[in-house]
1. Restricting to region 20-40, and then to whatever is free of Cβ contacts under 8 Å to residues at least 40 places away in the same chain and within 22 Å of V384 (Cβ to Cβ), can you tell me which residue is least open to solvent (accessible area, probe 1.4 Å)?
2. Scan region 60-69 for residues that are open to solvent by less than 60 Å² (accessible area, probe 1.4 Å) and either of a type in the set (D, E, K, R) or at pLDDT 90 or above (or both) and jot them down.
3. Considering only region 365-394, how many residues are in a loop (DSSP other than H, G, I, E, B) and in contact with a helix residue (DSSP H, G or I) (Cβ under 9 Å, 6 or more places away or on another chain)?
4. Within region 158-185, work out how many residues are open to solvent by 50 Å² or more (accessible area, probe 1.4 Å), farther than 23 Å from E502 by Cα and not β-branched (V, I, T).
5. Give the residues of region 228-267 that are open to solvent by 60 Å² or more (accessible area, probe 1.4 Å) and within 24 Å of the chain's Cα centre (by Cα), sorted by residue number.
6. How about region 292-321: which of its residues are modelled with pLDDT of 95 or more and among the small types (G, A, S)?
7. I'd like to check something: does region 483-492 contain any residue that is in contact (Cβ under 8 Å) with a residue 40 or more places away in the chain, touching a helix residue (DSSP H, G or I) at 6+ places or on another chain (Cβ under 9 Å), on the phi > 0 side of the Ramachandran plot and buried (at least 18 other Cβ atoms within 10 Å of the Cβ)?
8. If we scan region 322-332, do we find a residue that is part of a loop (DSSP other than H, G, I, E, B), at pLDDT below 95 and open to solvent by 40 Å² or more (accessible area, probe 1.4 Å)?
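The values are calculated or read from the model by the stated rules, or taken from the named source; none is laboratory data. Predicted model, so just to flag it, every value in this text is computed and none were measured. As a convention, Cβ positions derive from the backbone with ideal geometry for all residues, glycine included, and neighbour counts pool all protein chains shown. Surface accessibility is based on the protein's heavy atoms, side chains included, excluding ligands, DNA and RNA. Shrake-Rupley method; radii C 1.70, N 1.55, O 1.52, S 1.80 Å.
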Amino acid sequence: MIGVAFQHRATRALVRKTNFNVMGKATGFLDTERETIPNRPPLERIGDWKEIHADRSDEKVMEQGSRCMDCGTPYCHTGLLISGMASGCPINNLIPEFNDLVYRNRWQEALERLRKTNNFPEFTGRVCPAPCEGACVLGSIEPPVTIKNVECSIVDRGWEEGWLTPQVPAMRTGKKVAVVGSGPAGLACADQLNRAGHQVTVLERADRIGGLLMYGIPNMKLDKREVVDRRVSLMREEGVEFVTSVDIGKDPEWSKERLTREFDATVLCCGATKGRDLPIDNRDAKGVHMAMDFLTANTSHQLEHNFDGTNPEELNATGKDVVVIGGGDTGTDCVGTSLRQKCKSVIQLEIMPMPPMERAPDNPWPEWPKVYTLDYGQVEAQAVQGEDPRRYLVMSKRFIRDDDGNVSGVEVVDITWGKDEAGRFTPVETEGTLRILPSQLVLLAMGFLGPEQEIVESFGLETDARSNVKAEYEQYTTNVEGVFAAGDMRRGQSLVVWAINEGRGAARECDRYLMGSTQLP
């Protein structure tokens, strides 16, 4: 591996003296340390709903682009699944190429490279956990290239410079396609089908377009008006039609029969929105909510009130002790939202053990690094409360309910993980650790179980063992003629970048179905 050789001082010196004709700066990663675009100070940013990121420096981004080491076999854009986890970019972004172009100050060309594979780099550049960086070859010996920052900087500059303009198809095919759901999979699918010349109508059950991007991710991570609405407006100018407040599967005016009658094909991109519940004692106590209900209510309120700092009358954390049960991005978003609503305190409970500080022996590169990190919400909680809000190896036993039916606490116990007689891992309670955590608001952020069943049943779709719609990857065809499925609805809860991958793939196969062949990537 090339990285091993660079650990030797003599080789490092030789590389500095040699003028290789290579991509990027030959000594970039030797001369420049990893430096991400900074976030605003945590105590400042929790006072508003603006994006957490500080302004970028194009010169700094160019320096970081120079660290891309021309590694010969770039795992960063492979998009593999290793040990069930993403390794490299699932949409196969041409990462070494755009890093090199940014380093050489050729930003517009870098944007064109990025647009070849990614319909929405302004989304992934903000909310993707960056499996590309986890697979970066340089990351096997030194901190990896700041790929995510470079990607976001490219597209943000593209918007600022006016390089992103409506690209209306020169010809129309006469075919009509309905895309149900306007999350990242649905928008990517619609964008690709529109480029192919089809007339695309996106149907969304919420009152605004964006799905997960609009209501599932808080504004401080992904600005709704400056980022999401801007992209939707561009797609509308390019010819995509958007219809909101249409709940396919429940709305009698938009039945399967109507879609079949009015459209030549339908692509279902409805997400995996059925949240995992916690059926323990007193689950019906007032103040115990699914995390996504909490996040959606807050974003809806903030949009209606122009992010003026007020909080919703219901489902808000103001002055309350908040317990978030579960981790991941959703749990972090609950922490960050609770702090902005001025909660009294916030604790996040994780039933799994604390990750190690460095890669464990059974988690080698280029697997996704399962290591301890502080996401933006935990950084903010630490700044306010003096410590990471997460408590590991803690299991919730029951909710405590007061005389008025309101939740007043969560009874928890510490656990270890052991194996039962069948060899399955099972939690083992630690004696003497039973206790009650005071809480007037409990948020359940334990992941999602699959798509909601109304639309599945209304279309008569076959499902797999996990209740996801059955459709082969890279085929996306369901058991119903002319109906395709993609994104979390098909693969289960996953990353935004995987949703874009699937949306693009479903568009390709839908185009092939409609036209007999396809030129979509």
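1. R40
2. Matches in region 60-69: V61, M62, Q64, G65, S66, R67, C68.
3. 10
4. 8
5. Correct list: R230, R236, S245.
6. If the condition is that a residue be modelled with pLDDT of 95 or more and among the small types (G, A, S), then A297, S300, A317, G319 are the ones that fit.
7. Yes, the conditions are met somewhere in region 483-492.
8. So in region 322-332, the residues part of a loop (DSSP other than H, G, I, E, B) come out as 326-327.
Now narrow it down to the ones that are at pLDDT below 95: 327.
Restricting the remaining residues to those that are open to solvent by 40 Å² or more (accessible area, probe 1.4 Å) gives none.
The answer is no, given that none of the residues of region 322-332 is part of a loop (DSSP other than H, G, I, E, B), at pLDDT below 95 and open to solvent by 40 Å² or more (accessible area, probe 1.4 Å).
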